[in-house]
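The values are calculated or read from the model by the stated rules, or taken from the named source; none is laboratory data. This is a predicted model, so every value here is computed, not measured. Here the Cβ positions follow ideal geometry from the backbone for every residue, glycine too, while neighbour counts run over all protein chains shown.
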Amino acid sequence: MPFAASRRSLLLATGAILVAPGITAGFAPERARAQAAWPERPIRWIINFPPGGAADTLSRILAGSIGNRLGQPIVVENRPGAGGALGADILAKAPGDRHLVMMSSAASHGIGPVLYRNPPYDALADFTHIRLVGTFPSVLAVNPDFPTRDLAQFLAEARARRGQLSYGSGGNGTLNHLVGQLLALAAGVELTHVPYRGSAPALTDTISGQIPAIMESLPIALPHLRAGRLRALATSEAERPATLADVPTFGEAGFPAVTSSNWFGFSAPSGLPAELVARWEAEIGTALADPQVVERFGAIGVRPGAMGPAAYTALIRGELDRWRELIRAGNIQPD
């Protein structure tokens with residue numbers, strides 16, 4: 001998929017303009033003056049995926065909460081394409097911009113930079129990573145008429161069929177595809193991956209019985225699981241999500257190597273001043289502690305994050321190393 005910048009963008013909802021809050025007591029005078037002068041104009045918040053997805057939903061929840069305190073509107077702008085790379089590249093090409101932020105993700109900062117041959121940015125050097133926002137697992141789910149009732153039966157079926165058992169995902173090189181590869185390696189089975197152009201057609205074919213199984217992100221799969229159109233076999237995080245408390249994790253089923261999160265975080269261009277990093281970290285932390293935000297995250301199966309700049313940057317570095325190894329070993333190519 002080419003990385004040429006798209007000529008089209010979709011400008012969406014903006015926040016309200018409110019009176020700017022006072023400076024927190026106890027700040028040094030220099031830092032207080034710096035914060036008092038910011039923001040000087042509207043904040044541009046890039047969402048590098050289409051409207052309606054997890055990145056879009058989480059960004060709008062947070063922007064709505066934070067926008068009430070900044071004293072300037074937050075302009076939320078969807079710039080999808082190339083697995084999130086088109087939107088991320090906007091920040092990479094704007095070092096030092098104090099009014100530009102984005103929702104970074106496993107796709108754009110953990111997988112894309114090692115999946116594509118010539119990525120347009122450095123996922124670490126070209127960004128100031130500020131805070132982990134939230135995580136959710138991948139879910140292995142099957143059509144309700146498929147005879148396997150749990151993961152052990154599913155893997156037994158895979159061994160019996162010897163490469164004929166398939167699972168769908170939203171595309172080659174997506175996190176859900178890679179989690180499926182991790183499962184196949186850990187269990188010593190051959191699973192045939194069926195890549196689709198996004199989650200919607202993959203879900204349609206699984207629900208209709210065209211393919212027996214899908215590896216899908218929890219927020220997207222959850223409505224279909226609740227409606228009985230899919231049956232969950234296992235989830236990929238270390239702990240069971242509250243929304244699927246009766247479904248075991250892959251680790252609980254005997255495959256601890258198949259532990260992975262679809263993560264989203266908050267990032268800015270490189271060169272952001274330390275006082276603004278601290279301000280943004282505090283704003284995101286305040287939003288994530290808001291009971292209404294927690295409730296809205298929980299309703300779609302998202303666990304709020306708690307990592308600050310150093311830990312979140314380390315997470316990204318570790319993810320790049322992990323997925324680079326798997327992608328090279330499996331000769332996985334992007335769509």
Inset, instruction - Hey, can you tell me all the residues within the stretch 286-303 that are in contact with a strand residue (DSSP E or B) (Cβ under 7 Å, 6 or more places away or on another chain) and in a helix (DSSP H, G or I)? - result: L288, V294, F297
Inset, instruction - Kindly indicate the residue of the stretch 38-77 that is more than 21 Å from the chain's Cα centre (by Cα) and small (G, A, S) and also surrounded by the fewest Cβ atoms within 10 Å (Cβ to Cβ) among those meeting that condition. - result: G71
Legend entry - Any pair with Cβ under 6 angstrom, 6 or more apart, that starts in the stretch 266-284 at a residue that is closer than 15 Å to G67 by Cα and among the aliphatic types (A, V, I, L, M) and ends at one that is modelled with pLDDT of 95 or more and crowded, with 19+ Cβ neighbours inside 10 Å: I284/R131; I284/F266
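What is the residue count in the stretch 242-283 for residues that are among the β-branched types (V, I, T) and on the phi > 0 side of the Ramachandran plot? Before the answer, list the steps.
First, pick out the residues of the stretch 242-283 that are among the β-branched types (V, I, T): 243, 247, 249, 258-259, 277.
Adding the requirement that they be on the phi > 0 side of the Ramachandran plot leaves none.
Residues in the stretch 242-283 being among the β-branched types (V, I, T) and on the phi > 0 side of the Ramachandran plot: 0 in total.
What residue, of V114, V142, V179, V189, is surrounded by fewer than 22 Cβ atoms within 10 Å (Cβ to Cβ), modelled with pLDDT of 95 or more and outside the structural domain of G298 (by TED's automatic domain parsing)?
Working: V114 fails: outside the structural domain of G298 (by TED's automatic domain parsing); V142 fails: surrounded by fewer than 22 Cβ atoms within 10 Å (Cβ to Cβ); V179 fails: surrounded by fewer than 22 Cβ atoms within 10 Å (Cβ to Cβ).
Just a single option satisfies the conditions, and that option is V189.
Quick check: anything in the stretch 194-212 over 18 Å from the mean Cα position of the chain (by Cα) and among the basic types (K, R)? It would help to see each step written out before you state the result.
So the first thing to find is which residues in the stretch 194-212 are over 18 Å from the mean Cα position of the chain (by Cα), and the list is 194-196, 201-212.
Narrowing the set further to residues that are among the basic types (K, R) leaves none.
No; the residues of the stretch 194-212 include none that is over 18 Å from the mean Cα position of the chain (by Cα) and among the basic types (K, R).
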Legend entry - In the stretch 153-176, residue surrounded by the fewest Cβ atoms within 10 Å (Cβ to Cβ) [restricted to those that are out of contact with any helix residue (DSSP H, G or I) (no Cβ under 9 Å at 6 or more places or on another chain) and among the aliphatic types (A, V, I, L, M)]: A160
